[in-house]
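Just below is one structure, and these are the notes that go with it.
The values are calculated or read from the model by the stated rules, or taken from the named source; none is laboratory data. This one's a predicted model, so the numbers in the text were calculated from it and none came from an experiment. Reconstructed Cβ throughout: ideal geometry from the backbone, glycine too, with neighbour counts over all protein chains shown. Heads up: the accessible areas ignore ligands, DNA and RNA and are worked out on the full protein's heavy atoms, side chains in. Shrake-Rupley method; radii C 1.70, N 1.55, O 1.52, S 1.80 Å.
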Amino acid sequence: MEKNPAPAIKRFKIIALLEGISFLVLLFIAMPLKYFADQPWMTKQVGMAHGLLFVLYVILVIEVKIALDWSFRKTFIALAASIVPFGTFYINDKWMARK
């Protein structure tokens, strides 16, 4: 168990923010460009970045779960938030502001 959870929380907050932004860009900019303007280039670029950020988010949820001794329920909600638009922003603002 990490003695000082602050570095884990800081990393988590940064990646949660970036993952949320990349998800919204993918959903509301890249995907419409692909399907309505026949320009798939942005989907490939943003999709790759989002995939990397998603994997980092999952790893950091596990790291913060260990550092803060989160319950299974809280960990599950944090993981589920990554598949809901604006979910990571909620986790970042509401949950992590308490720590």
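Here's the yes/no breakdown for (1) in contact with a strand residue (DSSP E or B) (Cβ under 6 Å, 6 or more places away or on another chain); (2) within 16 Å of Ile15 (Cα to Cα); (3) not small (Gly, Ala, Ser):
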{"position": "Lys34", "(1), (2), (3)": "no, no, yes"}
{"position": "Gln39", "(1), (2), (3)": "no, no, yes"}
{"position": "Phe54", "(1), (2), (3)": "no, yes, yes"}
{"position": "Tyr57", "(1), (2), (3)": "no, yes, yes"}
{"position": "Ile66", "(1), (2), (3)": "no, no, yes"}
{"position": "Lys74", "(1), (2), (3)": "no, no, yes"}
{"position": "Ala78", "(1), (2), (3)": "no, yes, no"}
Run down Val84, Val64 and say which single residue is open to solvent by 70 Å² or more (accessible area, probe 1.4 Å), touching a helix residue (DSSP H, G or I) at 6+ places or on another chain (Cβ under 9 Å), closer than 30 Å to Pro5 by Cβ and at pLDDT below 95.
Val84
Only one of Ala30, Ala37 is free of Cβ contacts under 8 Å to residues at least 24 places away in the same chain and open to solvent by less than 40 Å² (accessible area, probe 1.4 Å); which?
Ala30
At pLDDT below 95, open to solvent by 30 Å² or more (accessible area, probe 1.4 Å) and of a type outside the set (Phe, Trp, Tyr): is that true of Ala49 in this structure?
no
Yes or no: Met42 surrounded by 13 or more Cβ atoms within 10 Å (Cβ to Cβ) and without any contact (Cβ under 8 Å) to a residue 24 or more places away in the chain?
yes
What pairs come up if the first residue lies in segment 45-62 and is closer than 21 Å to Thr75 by Cβ and free of Cβ contacts under 8 Å to residues at least 40 places away in the same chain, the second is open to solvent by 30 Å² or more (accessible area, probe 1.4 Å) and not β-branched (Val, Ile, Thr), and their beta carbons are under 7 Å apart, counting only those six or more places apart or on different chains?
Leu53/Leu18; Val58/Leu79
